[in-house]
Structure formats: structure tokens, C-alpha cells
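Participant: Just passing along the structure, written as C-alpha cells.
What follows draws every value from the coordinates through simple rules; no lab data is involved. Remember, predicted model here, so these are calculated numbers, not experimental data. Here the Cβ is made from the backbone with ideal geometry for all residues, glycine too, and neighbour counts use every protein chain on show.
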Ligand code: G3I
């Protein structure tokens, strides 16, 4: 045997063993999580959500000085009378899921199309609901017009951003409760010390783009609550812990330089199979945000049921428990002033496409089912609002 083939065989063996060990570790980890989940899910089956009276979520929240609402799509709300019925019954606030994003508002670099968002703003006004805006600055390609990538550059980025915010915020000035001014600007995995995500805005304008956005929005509508909105802040994992730290650092920096920011939006896209929810960590985080003088909104709440048991009663119990356990802790903090679900009915949820169940059965993530009937998740919200302290 030549020396070369001896080394090749040793390398193959080594890599083979390494790969095998890695797979074993992954399988063991998966089994461990499954065991933890099963114990947790069994515990959730004993959790109860007794609700009295016929009050809506809107009324129950309002009784405690809270605002409750959901994200809606104009295409669904204008075509589905059952959806219209439950939204107008249950909600004190709505937020467009799509229509205030750049891809809807900016057909070309020099034109604005407010028709769809205006329809929703008028709908809110006609039904005595508040209206909130999402979002003025977001890097996500799926929410940007096609011209963005080929048009925006170092030379024109500042002016394009300012024009966008001035035009859109002035259009709704006096009619809007709050704006998600900057969305999802933190991504620790991008490796920067300040935790900022590498986006076109950061590349073209540097770290100041966040301050510019808030100042421009405040000048265009001095009355709107201006929000920084982000996800991945919920669990007791290294990833979420690092993100909480980076978001807090960002908020402290903005606060110390006098940026007109008024609130943190915690998206709260929760998971039915994430065993590492630690009430203490969420409590501490909300408290730290409140200590900066900021309000908190829970902006996009839902619970993914991707690998939960198929049985509907078991699954609904788990989802309701996740809602209640999270929200009851968040609402201990008086700075939390509003709660929104990212949709109201399982008929219209981004999770059907983005996180479908592995067995392909329909997801059951929101307070109402596909026929607009309340599920146990609705009871969990109602129960939690009823037991929240008044603010
Ligand atoms: O453009 C087509 C439209 O013409 C068509 O009517 C529609 C029919 O399905 O599809 C449209 O594209 C969709 C687009 O939203 C609308 O702009 C995409 O398929 C869809 O993937 C896209 O996803 C949305 C995403 O934001 C990007 O805007 C989700 O529905 C929406 O739930 C999601 O919302 C985000 C928040 O803004 C920020 N936080 C996370 C949250 C979930 O990802």
C-alpha cells in the first residue's frame, strides 16, 4: 500500500466517524427535546381558561387600559363578511399585514399608491378602531418593490428614505396610533459588535439610518407613538438572550442620543414546541425596556403548531397555554399597553405557507378557527386580559 492511499483511508475513516458522531448528537438532541416537549404538553392539558360573560377581547382589554387588535389584509377583509364580522367585534386596533410596506406603497420610485392602505384606514375609522402602521424601514426583499435593488445607492439612499417617511407619515398624520418605524434591524449572527443587521440602509447610510428614520417620522407626525419592532426576543436560548442584549443596547443608544423613540414592539411569534420559555427572562427584559421610559407593544403574536400533536383538542390546549403563559408574564409589566395577533383567523395566517405542519394538516395558530369560531386560544387571551392588572 502506498503512503498516499494510507492517508486517504485514514481521512475517510476520520470524516466518516466525525459525520456519524454528529448525526448521533443531533438525533439525541431531537429525542431529548421531544421528551421535554411531551412532559410540557402533558402539563398544559391540565391548564384551564375559565371565562365569564360575553364580552369581546376588545372590551376585556379596554377594561384594563389595554388595546387589543390584529393584522389584516385588505384583500381578505373586503371579500369575507365573516372575517369582517369578527374583526369589527373583537378588535380595538388593526394593522395592515401588507399594505403599508414599500412593495404596496411604491409602484415606482416617484409614485405612491395609498389606495389599499387608505381602504384599511377608512375601515378602522368607520368602526371606531385605532389604526397602526407597519413598517417604514425594513430590509426584507419580499416587502420591497423590484426597483429598490437597482435604484437605491449610496448617493440617493438618504433622500429616498426621508421622502418615503415624510410622505407616508404625513399622509396618515392624526389618524394613526403608532408606527413601526424600523423593523428587525438587529441580527447578531451578522457578526457586528453592535448587533446591527447588514442591510442596504446600513450599507448606504451607516448606523445613523435608524436615528434619521425616527426623527423624520416624529417631524411628520408629532402625535404618533414611534416603535422599534423585532422578533426572537422570547425564549431562554443563547440566540434570544444575545438578541435581547443587542436590542436593549440599541434602545439605550437611541435613548441617550435623544432619538424620538417611544416604544418597543415585541413581535412574539411563539412556538408550541419550544420548551425553553423562562418567565423570569421575559419579565426582566420587559422591565429593562420599561426602565428606559419606553412603552411596549406585543405586535405580531401567534403560536406555530408545526410539530404539535395532530389531535385538535390536545393541540388547542397546548397553543392556548403558550398564549396564556407568555402573555400573563408580559402583562405584569405596566409599560405593556397593547397586544396584537398577526391575523385573527387560521384561514388567513402567514404560517400556513411559512411554517406548515409537517403532516400537512391545517395550522391552528390564531384565536379563531377557519370558520371564525373562537378556539381555546381566544379563551386564553380573554382569561389573561381579565386577570391583568389595570394600567
Ligand atoms: O404579491 C403577491 C400578491 O399579489 C398576492 O395577492 C398574494 C397572494 O398570496 O401574494 C403576494 O405576495 C406575498 C406578499 O407577502 C405580499 O406582499 C408573498 O407571497 C408573501 O410571502 C409575503 O409575505 C408577508 C411577509 O411579511 C412579507 O411582506 C407575510 O404575509 C406577512 O405575514 C409577513 O409579515 C412579517 C412582518 O411584516 C414582520 N415580522 C414578521 C412577519 C412574518 O414574516
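Participant: Just subtract the alpha-carbon distance of residue 352 and residue 149 from 0.36 nm times their residue separation and send over the number in nm, one decimal.
Facilitator: 70.2 nm
Participant: Restricting to the chain, what percent of DSSP beta bridges are antiparallel, rounded to 5?
Facilitator: Of all bridge pairs located within the chain, approximately 10 percent are antiparallel.
Participant: Work out how much length residue 370 to residue 54 would gain on full extension: take 0.36 nm times their residue separation and subtract the Cα-Cα distance, in nm to one decimal.
Facilitator: Taking residue 370 through residue 54 to full extension adds about 111.7 nm, to one decimal.
Participant: Per residue, what volume in Å³ does the convex hull of the Cα atoms of the range 20-134 enclose?
Facilitator: Convex hull of Cα atoms, per residue: 211 Å³.
Participant: Hey, another quick one. With a 10 Å radius around each residue's Cβ, average the other Cβ atoms per peptide and rank 87-94, 198-205, 176-183, highest first.
Facilitator: In descending order of packing, they fall as 176-183, 87-94, 198-205.
Participant: Per DSSP H run of at least 4 residues, take -39500 (n - 2.57); add these up for the chain, divide by its residues and hand me the 222 nm value, nearest 500 deg cm²/dmol.
Facilitator: Rounded to the nearest 500, the figure is -15000 deg cm²/dmol.
Participant: Here is a further query. Which FRET efficiency value, to the nearest 0.05, do you get for residue 119 and residue 142 by plugging their Cβ-Cβ distance into 1/(1 + (r/R0)^6) with R0 = 30 Å?
Facilitator: 0.90
Participant: How big is the range 68-187 by Rg and Dmax over its Cα atoms, in Å?
Facilitator: 15.0, 49
Participant: Can you give me the distance in nm between label points at residue 292 and residue 237, each placed 7 Å from the Cα along the Cα-to-Cβ direction?
Facilitator: Each label point lies 7 Å from its Cα, and together they span 2.3 nm.
Participant: Largest first and in whole Å, what are the equivalent-ellipsoid semi-axes of the range 115-258 based on the Cα gyration tensor, each being the root of 5 times an eigenvalue?
Facilitator: Rounded to whole Å, the semi-axes are 26, 20, 15.
Participant: For Cα pairs less than 8 Å apart in space and 6+ apart in sequence, what is the mean separation divided by the residue count of the range 273-368, i.e. the relative contact order in percent?
Facilitator: It comes to 37 percent, rounded to a whole number.
Participant: Find the centroid of the Cα atoms in the range 43-99 and in the range 230-273, then give the distance between the two in whole Å.
Facilitator: Computed from Cα coordinates, the inter-centre distance equals 25 Å.
Participant: Follow-up. Would you mind estimating how fast the chain diffuses translationally, via Stokes-Einstein at 20 °C and 1.002 mPa s with the Kirkwood radius over Cα pairs, in µm²/s?
Facilitator: Here the translational diffusion coefficient equals 95 µm²/s.
Participant: Sticking with this structure for a sec: For the pair residue 278 and residue 158, how long in nm is the line joining their label points, each one 7 Å along Cα→Cβ?
Facilitator: Going by the 7 Å Cα→Cβ label model, 4.3 nm.
Participant: Is the range 215-362 rounded, prolate or oblate when judged by the Cα gyration tensor, a ≥ b ≥ c being the square roots of its eigenvalues, rounded requiring a/c under 1.5 and prolate requiring a/b larger than b/c?
Facilitator: Prolate is the answer for the range 215-362, as a/c is 1.5 or above and a/b outweighs b/c.
Participant: Here's a follow-up. Given the peptides 106-113, 260-267, 350-357, arrange them by the average over their residues of other C-beta atoms within 10 Å, most packed first.
Facilitator: Highest mean packing first, the order is 260-267, 350-357, 106-113.
Participant: Under 10 Å, Cα contacts only: if you run a Gaussian network model on the chain, which one of 232, 206, 18 comes out with the highest mean-square fluctuation?
Facilitator: Highest fluctuation among the options: 18.
Participant: Would you mind putting 297-304, 209-216, 238-245 in packing order, based on average other-beta-carbon counts within 10 Å, highest first?
Facilitator: Going by the mean number of other Cβ atoms within 10 Å, highest first, we get 297-304, 209-216, 238-245.
Participant: Something else: I'd like to know how the range 273-329 sits against the 2.2 N^0.38 Å rule of thumb: what's its Cα Rg over that expected value?
Facilitator: 1.36
Participant: Could you work out how far apart the two model spin labels at residue 194 and residue 108 are, taking each label as a point 7 Å from the Cα in the direction of the beta carbon, and quote it in nm?
Facilitator: 3.6 nm
Participant: Given 4 °C and 1.567 mPa s, compute D for the range 241-312 with the Stokes-Einstein relation, Rh being the Kirkwood radius over Cα pairs; round to the nearest whole µm²/s.
Facilitator: Once the numbers are plugged in, D ends up at 93 µm²/s.
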